Amino acid sequence: MRGLSRAWQRGGRRIASWLRPPTVVELPPQAAGPARLYDATGRACPGLAPRSWRLWGIRRWHADPVADDLLLRRTWWQPGTDDDAHRAAVALRGRLESPFPPDDTLFLWADQPADGGRQVHALWASRRLLQQRHPQHWQTGSRRLLWVELPPATDRWVPLPTPAQRAMHRWRNTRAALNAAAWLLALAAVAALAVTPSWQLRQRAIDAQAQWAQLQQQAAPALASRQQLTVAMEHIDAFDRTTAALRDPVALLDWITAQLPDDTHVSDLEQEGDTLRLQGLTPNAAALMRRLGDQPGVAAVTASRPATKVTGLGKESYFIEIRFAPVPLAPPAAPGAPAQP
């Protein structure tokens with residue numbers, strides 16, 4: 001968890017340093033040379049033309065070096081430890097070795113790797129002596145920094161905690177907040193531009209769904225009528241198919257009249273699909289069955305019950321089932337010719 005927290009802190013510091021505006025600190029020239037330019041961390045900025053400062057939003061701050069007679073410098077080596085322990089050890093030594101009272105001490109230090117440990121360069125200064133030597137730098141509203149070289153002879157500079165140094169930090173933080181707000185607004189605008197087509201498509205889809213629902217409500221009566229019409233048409237089709245399978249009763253009666261002899265009587269007639277059931281009296285039931293079975297269009301002739309002799313009439317009762325082939329009935333025969341079913 002500690003490693004993750006440190007990673008977040010480092011990331012936050014990188015973002016903050018990226019948002020902070022560039023700053024140039026100008027030190028007075030040495031001898032007759034040009035002014036020396038450094039960034040806010042004290043690193044040299046060679047080749048930066050003064051005319052480009054305002055163009056790139058760079059603000060210039062003036063600084064004056066502190067004379068070495070006001071500084072007490074010490075250098076020592078410390079074994080390699082973690083950062084927190086290292087800073088705590090340097091701070092403790094800075095308090096113990098300060099020749100000035102605690103409320104008057106300014107303690108600054110920098111380190112660099114050396115021989116498996118850290119080489120620490122430290123300096124102490126008296127706030128009171130600095131105010132006596134540089135009173136204008138301690139006035140409220142001052143814009144001139146006091147810088148010291150640390151480590152010595154390396155052209156690396158650090159600011160002393162003066163009103164100008166605090167003003168520079170406030171300005172950089174304010175500009176960083178403004179930069180962050182500008183970036184957020186730009187990102188929001190880009191996101192809005194990216195989201196707008198999707199939002200429009202979503203609104204169109206929602207409108208289309210609402211219109212479809214409204215259309216369904218308006219078309220509900222017509223759809224119900226169409227459903228009823230479809231059901232009625234299905235019933236009509238079913239009736240047509242059923243009636244198409246039935247034979248024409250008139251043609252069927254003509255065929256029966258033509259096929260039965262004059263001495264044959266029909267007392268009961270029933271039609272079911274392609275099956276015709278006959279019941280009545282005839283002189284010879286077997287001969288009648290053979291005659292009907294020989295007719296074209298008749299598939300089979302069977303006796304549903306055995307024939308019985310009727311006493312006193314000289315005839316037999318018959319119970320015959322005639323199954324026709326699945327073909328239409330033939331038209332009535334010409335006079336003198338037998339009809340066909």
### Message
Here is a list: TRP124, TRP77. Which entry is surrounded by fewer than 14 Cβ atoms within 10 Å (Cβ to Cβ) and aromatic (Phe, Trp, Tyr)?
### Response
TRP77
### Residues of the range 19-42 satisfying the condition of being surrounded by fewer than 12 Cβ atoms within 10 Å (Cβ to Cβ) and at pLDDT 75 or above
PRO28, PRO29
#### Entry: Qualifying position, being of a type outside the set (D, E, K, R), exposed (fewer than 15 other Cβ atoms within 10 Å of the Cβ) and part of a helix (DSSP H, G or I), among GLN165, GLN136
GLN136
### Query
If we keep just the residues of the range 193-218 that are at pLDDT 85 or above and hydrophobic (A, V, I, L, M, F, W, C), which is most open to solvent (accessible area, probe 1.4 Å)?
TRP212
### Query
Do we find a residue being at pLDDT 90 or above, closer than 29 Å to ALA44 by Cα and not hydrophobic (A, V, I, L, M, F, W, C) anywhere in the range 99-110?
yes
#### Entry: Residues (closer than 25 Å to THR311 by Cβ and in contact with a helix residue (DSSP H, G or I) (Cβ under 7 Å, 6 or more places away or on another chain)) located in the range 267-290
THR282
### Matching option when the condition is at pLDDT below 80 and assigned by the TED database to the domain that holds ASP104, among ALA67, ALA49
ALA49
### Query
From the list LEU276, LEU313, LEU269, LEU252, which one is surrounded by 12 or more Cβ atoms within 10 Å (Cβ to Cβ), out of contact with any Gly (no Cβ under 7 Å at 6 or more places or on another chain) and without any contact (Cβ under 8 Å) to a residue 40 or more places away in the chain?
LEU269
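The values are calculated or read from the model by the stated rules, or taken from the named source; none is laboratory data. Remember, it's a predicted structure, so these values are computed and weren't measured experimentally. As a convention, Cβ positions derive from the backbone with ideal geometry for all residues, glycine included, and neighbour counts pool all protein chains shown. Heavy atoms of the whole protein, side chains included, go into the accessibility calculation; ligands, DNA and RNA do not. Shrake-Rupley method; radii C 1.70, N 1.55, O 1.52, S 1.80 Å.
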